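Worksheet: the structure to be examined is printed underneath.
Here, each number is a calculation from the coordinates, and none is a lab measurement. These numbers were taken from a predicted model, which means no experiment stands behind them. Note that we place each Cβ from the backbone using ideal geometry, even for glycine, and neighbour counts take in every protein chain shown.
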Amino acid sequence: MSKLKCGLIQMGLKGDGSMSPEKIRDLMIEAHIPMIEDAAKQGVKVLCFQEVFTQPYFCPSQDKKWYAAAESIPDGPTVKLMQEYAKKHQMVIVVPIYEEEMSGVYYNTAAVIDADGSFLGKYRKTHIPQVAPGFYEKFFFKPGNLGYPVFDTAYVKLGVYICYDRHFPEGWRALALNGAEYIVNPSATVAGLSKYLWELEQPASAAANGVFIGAINRVGTEEPWAKQMGEFYGSSYIVNPRGQIEAQASYGDDELLVHEIDLDMVREVRDTWQFFRDRRSDLYGRLTDK
């Protein structure tokens, strides 16, 4: 299909970091269910949540308590539940959660579920930051090892890149070369160092690679880390292959952003800007040698 209705859900934390990971998971899923149903009523065919959507952004804590938030993929409860909703609504759902591969090995992962409820695969966050104050992700996440898969869903060739990954242009290019037409970037980003990059990097990457990008951010402050981290500012958006933001959510509210994209624009833009034709991969070896 050429026209495709996409949905992004941005949401503030329900509860706080004093609660158990299991309790917070229950609260976050409970809050998402009405938005999933609303997305279905509006005809959304591809839906994506924010980074580690069932939990707080716990990386300021360096507390081993949060290892209990990790789930198996695809056999854990959250992915199993989202498979039911995907099948019910014939909707592709991207489910970013904390993954346990085995005891002591954890990844920041997004599961991709097709419109018939089948599990298509997963992407593991490749680039793991260790940036003060508060982004101590190496304590919780092992770097991803699955490369840049593109999922041939019922509606679109879909890629996933997660939060800090977006600062690295190589992954966007790899996803596009692997056939992606629409790439989602679930994030947890606060006002501060990278705020001005939020509406710069992803539009630039969309234009450079001739793809649509859905950028999702959480909203609000999260206790007990609010003073350390500041505010997650939302402002989720969908940008087209020309680098133009076509639809954007609010700065600070829970919101389902729904927008219809025209996949014909991917071919149109790539046939106009012949970036793939004019690439000189024979001269780029130094990029990976260094």
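Taking the square roots of 5 times each eigenvalue of the Cα gyration tensor of region 137-290, largest first, gives ellipsoid semi-axes of 28, 20, 14 Å. Spacing of the modelled spin labels on E101 and K41, each 7 Å from Cα toward Cβ, amounts to 4.2 nm. Full extension of the chain between D253 and N145 gives 35.5 nm of extra length, using 0.36 nm per residue less the Cα-Cα distance.
The calculated FRET efficiency for the pair Y136 and E246, based on their C-beta separation and a Förster distance of 35 Å, comes to about 0.50. Taken about its Cα centre, region 1-131 carries a charge dipole of roughly 380 debye when the Cβ of each Lys and Arg holds +1 and the Cβ of each Asp and Glu holds -1.
Placing pseudo-labels 7 Å out from each Cα toward the beta carbon at Q228 and D26 gives an inter-label distance of 2.6 nm. Taking Cβ atoms as reference points and 11 Å as the exclusive limit, the residues near S205 contribute a net charge of -1, counting Lys and Arg as +1 and Asp and Glu as -1. Between F275 and L197, the simple label model (points 7 Å from Cα in the Cβ direction) yields a spacing of 1.8 nm.
Under 29 Å of direct C-alpha separation, and excluding same-chain neighbours fewer than eight residues apart, K142 reaches these lysines: K14, K23, K64, K65, K80, K122, K125, K157, K195, K227, K290.
Among 31-38, 43-50, what's the highest-first ranking by average C-beta atoms within 10 angstrom per residue?
Order by mean packing, descending: 43-50, 31-38.
Available extension along the chain between S118 and K87 is 10.4 nm, counting 0.36 nm per residue and deducting the alpha carbon span. The helix-only estimate of mean residue ellipticity at 222 nm for the chain, built from DSSP H runs of length n ≥ 4 each weighted as -39500 (n - 2.57), is -7500 deg cm²/dmol after division by the residue total.
Ranking L177, A132, Q42 by how far each Cα lies toward the positive end of the dipole of the chain (charges on Cβ) leaves L177 at the top.
Expressed to the nearest 5 percent, the antiparallel share of DSSP beta bridges inside the chain is 70 percent.
Compared with the dominant Cα axis of the chain, that is its longest principal axis, helix 21-41 is turned about 40°. Between the Cα long axis of helix 77-89 and the first principal axis of the chain there is an angle of about 50°, rounded to the nearest 10. Among D253, D116, D75, the largest mean-square fluctuation in a Gaussian network model of the chain (Cα springs under 10 Å) belongs to D75. Averaging the sequence gap over all C-alpha pairs within less than 8 Å and six or more residues apart, then dividing by the number of residues, gives the chain a relative contact order of 20 percent. The GNM of the chain, with springs linking C-alpha atoms under 10 angstrom apart, assigns the highest mean-square fluctuation among Y67, Y164, Y196 to Y196. For the pair region 135-194 and region 1-68, the centres of their Cα atoms are 17 angstrom apart.
Extension gain, D264 to H167: 0.36 nm times the residue separation minus the Cα-Cα distance gives 32.2 nm. Restricting the calculation to Cα atoms, region 1-152 yields a radius of gyration followed by a Dmax of 15.3, 46 Å.
This model, with +1 at the C-beta of Lys and Arg and -1 at the C-beta of Asp and Glu, gives the chain a dipole about its Cα centre of some 660 debye.
Please report, in whole Å³, the volume per residue of the convex hull around the C-alpha atoms of the chain. Mind showing how you got there, number by number?
Numbers: hull volume 34.8 nm³, N = 290.
Normalising the Cα hull of the chain by residue number yields 120 Å³.
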